[in-house]
1. Output the qualifying pairs, or none if there are none: Cβ atoms under 8 angstrom, residues six or more apart or on different chains, first residue in region B:158-171 and closer than 12 Å to B:Leu184 by Cβ, second residue open to solvent by 90 Å² or more (accessible area, probe 1.4 Å) and at pLDDT 85 or above.
2. Among the listed residues C:Ala55, C:Ala51, C:Ala38, C:Ala24, which satisfies the condition of being of a type outside the set (Val, Ile, Thr) and closer than 16 Å to C:His207 by Cβ?
3. Those residues that are at the interface with chain D (Cβ under 9 Å from one of its Cβ atoms) and open to solvent by 10 Å² or more (accessible area, probe 1.4 Å), I need them from region C:46-68; list them, please.
4. Looking only at residues in region D:238-253 that are more than 9 Å from chain C (Cβ to nearest Cβ) and free of Cβ contacts under 8 Å to residues at least 60 places away in the same chain, which one is least open to solvent (accessible area, probe 1.4 Å)?
5. When only residues in region B:83-130 that are under 16 Å from D:Asp127 (Cβ atoms) and among the small types (Gly, Ala, Ser) count, which is farthest from the chain's Cα centre (by Cα)?
6. How many residues, within region A:121-137, are open to solvent by 20 Å² or more (accessible area, probe 1.4 Å), over 16 Å from B:Arg250 (Cβ atoms) and more than 8 Å from chain C (Cβ to nearest Cβ)?
7. Starting from region B:1-23, keep only residues that are away from chain A (no Cβ under 14 Å), then list their pairs with residues that are open to solvent by 90 Å² or more (accessible area, probe 1.4 Å) whose Cβ atoms are within a distance under 8 Å, requiring at least 6 positions of separation or different chains.
8. What number goes with the only condition from (1) within 7 Å of chain C (Cβ to nearest Cβ); (2) of a type in the set (A, V, I, L, M, F, W, C); (3) open to solvent by 10 Å² or more (accessible area, probe 1.4 Å) that B:Leu83 does not pass?
There are 4 protein chains.
Amino acid sequence: MDDGADVIGILHSARREQLGDVIAGTEETTTGVIRLRALERDGKLGFPVIAVNEAKTKHLFDNRYGTGQSTIDGIIRSTNVLLAGRTFVVAGYGWCGRGVAMRAKGLGAHVVVTEVDAMKALEAVMDGFQVMPMAEAAEIGDVFVTATILANTGHFNVEIDIPALRSLATETREARQLVEEFTLTNGRKVYLLAEGRLVNLAAAEGHPAQVMDMSFANQALAAEHVITNAASLERRVYDVPKEIDDEIARLKLATMGVAIDELTEEQAAYLASWDEGT
Amino acid sequence: MDDGADVIGILHSARREQLGDVIAGTEETTTGVIRLRALERDGKLGFPVIAVNEAKTKHLFDNRYGTGQSTIDGIIRSTNVLLAGRTFVVAGYGWCGRGVAMRAKGLGAHVVVTEVDAMKALEAVMDGFQVMPMAEAAEIGDVFVTATILANTGHFNVEIDIPALRSLATETREARQLVEEFTLTNGRKVYLLAEGRLVNLAAAEGHPAQVMDMSFANQALAAEHVITNAASLERRVYDVPKEIDDEIARLKLATMGVAIDELTEEQAAYLASWDEGT
Amino acid sequence: MDDGADVIGILHSARREQLGDVIAGTEETTTGVIRLRALERDGKLGFPVIAVNEAKTKHLFDNRYGTGQSTIDGIIRSTNVLLAGRTFVVAGYGWCGRGVAMRAKGLGAHVVVTEVDAMKALEAVMDGFQVMPMAEAAEIGDVFVTATILANTGHFNVEIDIPALRSLATETREARQLVEEFTLTNGRKVYLLAEGRLVNLAAAEGHPAQVMDMSFANQALAAEHVITNAASLERRVYDVPKEIDDEIARLKLATMGVAIDELTEEQAAYLASWDEGT
Amino acid sequence: MDDGADVIGILHSARREQLGDVIAGTEETTTGVIRLRALERDGKLGFPVIAVNEAKTKHLFDNRYGTGQSTIDGIIRSTNVLLAGRTFVVAGYGWCGRGVAMRAKGLGAHVVVTEVDAMKALEAVMDGFQVMPMAEAAEIGDVFVTATILANTGHFNVEIDIPALRSLATETREARQLVEEFTLTNGRKVYLLAEGRLVNLAAAEGHPAQVMDMSFANQALAAEHVITNAASLERRVYDVPKEIDDEIARLKLATMGVAIDELTEEQAAYLASWDEGT
């Protein structure tokens, strides 16, 4: 069970001799799935992997509601900054990004989104966020915030170019636990949270159990699935079977005490027909 | 170019002799695609069809932001009811349903969602809506609203069981243009909007041009696509090619004057690699 | 019962001979109360007036939720414009302005607020809106909207400088019912709704009955109050008595079927004491 | 400078002999002002007090945005509970209550408000919250949450009846730091945060500096004001002078880099006139 494809990466480089010992793997994150698909595309994937991240009960919830709340939590714990009235720039409007954007908005921030994908950028615009290139967003952030807070809720500490930041600074100091202050040559200050590591893990407690339960249910049932079906699986990246995904959604609703409707036979027939209604 | 698969339905029943004259079709709506897939599953689909509804630039925008605003518009135009403080029940949390739910919430209503699908129900819960079976929702609506407004934003006038409603009523009258009042035996009143027809079309002006432009761009480019590729298309339901979909998103952003970022070569390489970051 | 102090204005200028016939007046709007206080300050007010607008059950609801919904309604009816993704500038963050701002946000617009009062501007910032001078807002609006829609939800048609607009235009035409298009010398187009008259009255149906009921209850009970107390009232602007205001709130909740708590004797004593809790 | 009128309470009971040494006081909180007005009403107030809490730059911001964010922060830090999809009951819709309600909603909770005041209850309804008596709210909370979290963001530890809770429990244990679990006779569990003490102070860091700056500016300038005007002040509860309040709003906007408009002479004249517009 991998997170970020880090173990699988090592197995495909420094520990290739162990590749043969592995029946199958599962992967928890968006970043990891992107890397595994790259491996698969290069024809180098050494065993089948279930992309747990692609399960709806995982990415629609963990990435959005989990990352959303826990990232905000990490920023507040490390800075105790008031988000209301703050210009809050979110880089990327994927499931994690939109989780963070909607929670920042929900706490009263003015949220700016930057994107490289037109489809996602358009959704962000329609959701009422300002969308602009990062170069412009950085400028606006300065005007309202006067000092910039940099937090990473992606993967590892490579998403913020910390060496570049360090070389731009005339002075650095620990402003507060988990908060490093960089004074730039123009006198502006930039605050880097948790050494650029994932702020929700490094400065808060990560996602709440009430959302990780679904991710881990996917992991557990995906593991059972690959054992049961080991013979028929090829060295590819597979999605979690839809039945497992739906079953987890049903179980979760039940634990929350939420009841829903069932289609009547008549309604199901109406949906399945092509000659009704005309 | 069909809407609700109504023309295609007739071609496959009353006008079968004309089936051979058709090179290909396109379909605009969720309901239509469901019906076409039923036809395809039965092996009866007479020509290839592009499911325009499945394009992201269509259903992520038209169904959500278009239906959302225009449905609320239709309800207000026909009733001038104040939505703030009203208990507003949305049946179904698909793209249309979530559009209507978010706009009703945005106008101050207390929104209740009913669903038959556990995954969508769970998203509605996490989005802060109350989720319950329709039988319970109907009861709660009564308590707060005292009189119930029934509006359909789905397809045709078959989604509300109007004959049943009529047989339950002791008296009916036109309360206001496009508003029929049904007095039930218990004295409660139910108001049916626009004869149960699509309230955004029958009582307002349908979707704004700023969202239909994307749907129609899909229609136009899908038509061009089927002509160009007629030889290679089978009698199946096809998605709009991703390149067309992405191109429309790019064009739409440009017309709105919104600029976005581009991946640098380094960033693109990072995303495509499997051995970075460890 | 006046609206905008228009009748009272005429009574104090062209019809001064009728001033003596009037026992007392009531005034419905913010604009009217501002004008009446000016009259009172000049020592020229000819009879007592109850400022119905100042009742909480009036301005907290009518101005905010009524103007909010009906202004948006008027804009959509006259233009059918999609608000999602639109940059929507609200001039003023009083009760009407914040009603319009929160509804525009609720429909997916990116809302910019302009103000002349620091306190209100600060609230708007903390509520997550962008605040800037109108000169800047006008510029930003242009970038995203390319054509500007001008609507007035204040008083009369004097709040937008229509003669100035007309003199700036090289060409005007009726773009659509209630929508006049002005082409400026730089080629940009400005659309004026409903001749600059109150857009919620001129292009929609005004406030919903469910919010006017409270305003009119204030009018009716204020009229009863001035008759009963005519002898003791001076020529001043009076607030609606708190008991009337609270009674209307209680009645409104009851008609909506909403029950609330009552303080227990113990709780009431705790609130009234100064020696508890230490 | 008092908080909750606790020092002033002692000065009026155990330390009466020191009353004469005090020129004047200031009070920071809603609870404190309620208690001081009780003292004043009883004719027992020993020196003038400025009700800093009543300044707009205090209660519109500190109580709403400060309490809102920091209360949620305290709940998350002590429990790491996911708020999305949770039924969140807020007792009271004063400035603190509506701050907490809007932030809980902003994090995806389904928010229920209880009130004893009809006016505030009606505002909560119009803002889209469910309003019901606490007895009903407690029941609904149970259905969705299965275990109830109790947090106090009011004053001291007297607002939750902890002895009663303790006597109802068959078993108690520390579930997690700052979280006490009570098992009731029916098997349900209730979690009490931070011993019922103010959760934003006891489990988080209190309000962010960006909102306390305004409260403390009021304290400082009110202190200067009472010294300067000591001769003319009576033993009453005074509001912060409007000029001080407005000046703080202006300064705060300036530190945030937000510019606003100024009325032109023409506009100011229009607002001050009673004979314009007809």
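1. Listed by first residue and then by second, the contacts come to B:Leu168/B:Thr185; B:Thr170/B:Thr185.
2. C:Ala55
3. C:Lys56, C:Leu60, C:Arg64
4. The residue in question is D:Pro241.
5. B:Gly85
6. Number of matching residues: 3.
7. Hits for this filter: B:Ile23/B:Ile227.
8. (3)
The values are calculated or read from the model by the stated rules, or taken from the named source; none is laboratory data. Quick caveat: nothing in here was measured; it's all calculated off a predicted structure. Heads up, the Cβs are rebuilt from the backbone with ideal geometry, glycines too, and the neighbour counts pull from every protein chain shown. The protein model used for the area step is the full one, side chains on, heavy atoms only, and it has no ligands, DNA or RNA in it. Shrake-Rupley method; radii C 1.70, N 1.55, O 1.52, S 1.80 Å.
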